[in-house]
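One structure is given here, and the rest of the page talks about it.
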Amino acid sequence: MDEAREAAGQRASARGTDRSTVASRRRFLGLGAGVAAVAAVQACGAPSAEPVGPRSRSVREAARARQATGARRVGVDLPAKPSEVDLGGLRVPTWTFNKQLPGPEIRVRRGDVLRATLRNELPEDATVHWHGIALRNDMDGVPNVTQDPVSSGKEFAYEFTVPDSGTYFFHSHVGMQLDRGLYAPLIVEDPNEPGRYDDEVVLVFDDWLDGVTAVPEAQLAKLRREGMSMSGMGHGGMGGMGGMQEGERHGGMGAGPLGADTGDVDYPHYLINGRVPAAPFITDAKPGQRLRLRLINAGADTAFRVAIGGHHMTVTHTDGFPVEPVETNSVLLGMGERYDVVVTVGDGVFPIVASAEGKQGQAMALIRTRSGAAPSAMVRPQELAGRPLMAEVLRATEQVRLPSGTPDRTHTLKLGMDPSAKYRWTINGRTFDQRKPMPISRDERVRLRFVNTTMMFHPMHLHGHTFQLAGGKGPGARKDTVIVRPMETVEVDFLADNPGQWLVHCHNTYHGEAGMMTVLSYMA
Ligand code: C2O
Ligand code: CU
């Protein structure tokens with residue numbers, strides 16, 4: 001009953017549901033939430049409610065309330081174009097921002113107004129999405145939901161206040177473009193943050209096939225045609241170079257923390273900052289220095305287990321927000337997740353390895369304090385063994401915790417697969433084009449309950465908000481992307497304080513494009 005009531009966007013009692021209510025509910029649900037769609041929902045006795053569109057007055061008012069007078073403005077030019085990039089002795093044709101891979105880092109301060117002009121020199125539509133940023137809805141970059149896609153040869157100026165500090169990234173939100181090279185870090189500094197580190201390094205992880213084995217669109221078409229062929233990949237009979245070590249396996253059947261089936265695509269390369277392990281990205285440091293590493297998983301179908309040879313690390317943030325520090329040998333990042341860790345650098349040349357979880361292969365970068373032989377591209381630091389840290393063990397710091405409370409509304413998102421198709425991923429049995437927008441109201445405390453009914457993990461991402469993991473033991477981490485493991489249920493809470501139409505989706509780009517996306521719709 002609870003859900004039927006929510007689906008109808010009603011706040012009144014569901015008891016008196018009569019024919020006309022059901023009819024109007026059907027009408028609303030059938031709309032598919034185009035930007036222009038305006039649906040009146042007649043709830044029993046409640047005033048009619050309609051979707052708060054991206055260009056509505058409440059979106060503009062929320063944007064105005066976020067912007068401080070005299071805020072600094074930062075202007076950036078973002079040409080998106082076909083380009084050839086050098087992955088380290090390997091030149092490939094792809095699509096990038098500003099001919100760079102990753103694209104040019106944007107660095108601002110909390111409270112700044114960022115104005116970034118996308119110049120679309122690609123042969124097809126594009127947009128830019130500002131992943132993790134609680135920005136105004138009309139700048140969120142979701143084609144046909146928050147804006148018209150920017151067509152080839154056209155420009156679009158994204159302009160918004162950046163309200164929270166932390167490690168973010170931006171990427172195209174059209175089709176499979178994220179699995180090309182259209183991504184870059186977005187770092188938001190906090191002038192008042194205590195700097196308990198001497199220097200910092202941004203490390204962006206990616207799984208790479210574009211221009212090598214297939215373009216991502218062809219890879220997706222193949223999955224749709226043939227279904228998943230990767231099951232079992234990376235399991236059994238391995239042990240060769242780049243394979244998993246014994247200590248990295250857990251439970252039965254050799255499955256790791258994400259289960260036995262961790263991906264749909266077998267990538268030929270894994271990159272850190274656009275480089276293959278044979279020609280790695282190198283950061284120079286001094287022994288004893290405290291380095292803050294900003295780790296970003298920009299991959300499309302790969303979780304990365306990250307460790308540094310000879311070092312342990314202290315996790316200080318995830319998805320931009322601070323957590324009570326935890327020490328670990330390794331962290332596991334789902335697609336779209338970020339972690340900030342601090343390490344005290346030893347003396348020598350050390351590998352930072354991002355191992356493709358449950359797949360064969362890895363990315364590598366180096367921390368170097370003096371000259372010396374670089375470790376082999378196949379090096380497997382022992383720190384990779386054992387259980388990697390995941391977000392569930394983290395707790396938000398006091399100052400970023402949500403006030404405690406019970407949810408005003410709960411939406412269940414059942415993550416599934418359509419058994420009648422080779423490759424179609426669903427939320428509550430529907431693909432994105434058949435979606436039923438999920439109603440929420442301003443100032444509610446909303447709970448999302450992700451119920452994974454599949455045998456793959458899904459990194460679920462919410463736009464425009466930072467939720468808090470429910471966690472058994474009190475307030476968990478604030479995040480915008482959370483791994484939901486096979487057959488697991490994960491609950492997150494957020495405050496509905498940013499009106500508009502907001503995507504919720506799996507950040508596996510192949511799953512998302514094959515349907516696993518929906519929309520949370522503010523109603524007013
Ligand atoms: Cu980074 Cu809708 O995604
Ligand atoms: Cu998924």
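The values are calculated or read from the model by the stated rules, or taken from the named source; none is laboratory data. The structure displayed is predicted, hence computed values, not measured ones. FYI the Cβ positions are ideal-geometry reconstructions off the backbone, even for glycines, and counts take in every protein chain you see. Note: accessible area is taken over every heavy atom of the protein model, side chains too, but ligands, DNA and RNA are not part of it. Shrake-Rupley method; radii C 1.70, N 1.55, O 1.52, S 1.80 Å.
Taken over the range 320-338, residues that are assigned to a loop (DSSP other than H, G, I, E, B), of a type outside the set (A, V, I, L, M) and under 18 Å from the mean Cα position of the chain (by Cα) amount to 4.
Anything in the range 141-174 that is in a strand (DSSP E or B), open to solvent by 20 Å² or more (accessible area, probe 1.4 Å) and farther than 24 Å from residue 515 by Cβ? List them, or say none.
As a first pass, look at the range 141-174 and keep what is in a strand (DSSP E or B): 143, 147, 150, 155-161, 166-171.
Next cut, open to solvent by 20 Å² or more (accessible area, probe 1.4 Å) only: 143, 155-157, 159.
Matches in the range 141-174: 155, 156, 157, 159.
When the strands (runs of 3 or more DSSP E) confined to the range 383-486 are screened for residues that are touching a Gly at 6+ places or on another chain (Cβ under 9 Å) and under 24 Å from residue 298 (Cβ atoms), those reaching at least 3 such residues are found at 458-462, 481-484. Within the range 510-524, track down each residue that is within 12 Å of ligand 1 (Cβ to nearest atom), open to solvent by 10 Å² or more (accessible area, probe 1.4 Å) and either part of a strand (DSSP E or B) or of a type in the set (Lys, Arg) (or both). Of everything in the range 510-524, just one residue is within 12 Å of ligand 1 (Cβ to nearest atom), open to solvent by 10 Å² or more (accessible area, probe 1.4 Å) and either part of a strand (DSSP E or B) or of a type in the set (Lys, Arg) (or both), namely 517.
Residues that are of a type in the set (A, V, I, L, M, F, W, C) and in a strand (DSSP E or B) within the range 340-356 comprise 341, 342, 343, 349, 350, 352, 353, 354, 356, listed in sequence order. Annotation: residue 100 fulfils all but one of (1) farther than 26 Å from residue 55 by Cα; (2) within 16 Å of ligand 1 (Cβ to nearest atom); (3) open to solvent by 20 Å² or more (accessible area, probe 1.4 Å); the unmet one is (2).
Please specify each residue of the range 126-135 satisfying the condition of being part of a loop (DSSP other than H, G, I, E, B) and in contact with a Ser or Thr (Cβ under 8 Å, 6 or more places away or on another chain). Hits for the range 126-135 are 127, 128, 132, 134, 135.
Is at least one residue of the range 110-133 among the charged types (D, E, K, R), closer than 23 Å to residue 296 by Cα, open to solvent by 20 Å² or more (accessible area, probe 1.4 Å) and over 21 Å from the mean Cα position of the chain (by Cα)? Write out each step before concluding.
Taking the range 110-133 as the starting set, the residues that turn out to be among the charged types (D, E, K, R) are 110, 112, 115, 119, 121, 124-125.
If we keep only those that are closer than 23 Å to residue 296 by Cα as well, we get 110, 112, 115.
Filter once more, so that each one left must be open to solvent by 20 Å² or more (accessible area, probe 1.4 Å): 110, 115.
Imposing the further condition that a residue be over 21 Å from the mean Cα position of the chain (by Cα) reduces the set to 115.
Looking for residues that are among the charged types (D, E, K, R), closer than 23 Å to residue 296 by Cα, open to solvent by 20 Å² or more (accessible area, probe 1.4 Å) and over 21 Å from the mean Cα position of the chain (by Cα), one finds at least one in the range 110-133, hence yes.
Per the listing 443, 493, 433, the residue uniquely surrounded by fewer than 20 Cβ atoms within 10 Å (Cβ to Cβ) and either on the phi < 0 side of the Ramachandran plot or at pLDDT below 95 (or both) is 433. Restricted to the range 272-319, the set of strands (runs of 3 or more DSSP E) holding at least 1 residues that are surrounded by 20 or more Cβ atoms within 10 Å (Cβ to Cβ) and of a type in the set (D, E, K, R) comprises 290-297, 304-308.
Consider residue 383 carefully, then state whether it is more than 30 Å from residue 139 (Cα to Cα) and more than 16 Å from ligand 2 (Cβ to nearest atom). Here the answer is yes, as residue 383 does meet what is asked. Residues of the range 487-509 that are part of a strand (DSSP E or B) and more than 15 Å from ligand 1 (Cβ to nearest atom): 489, 490, 491, 492, 493, 494, 495.
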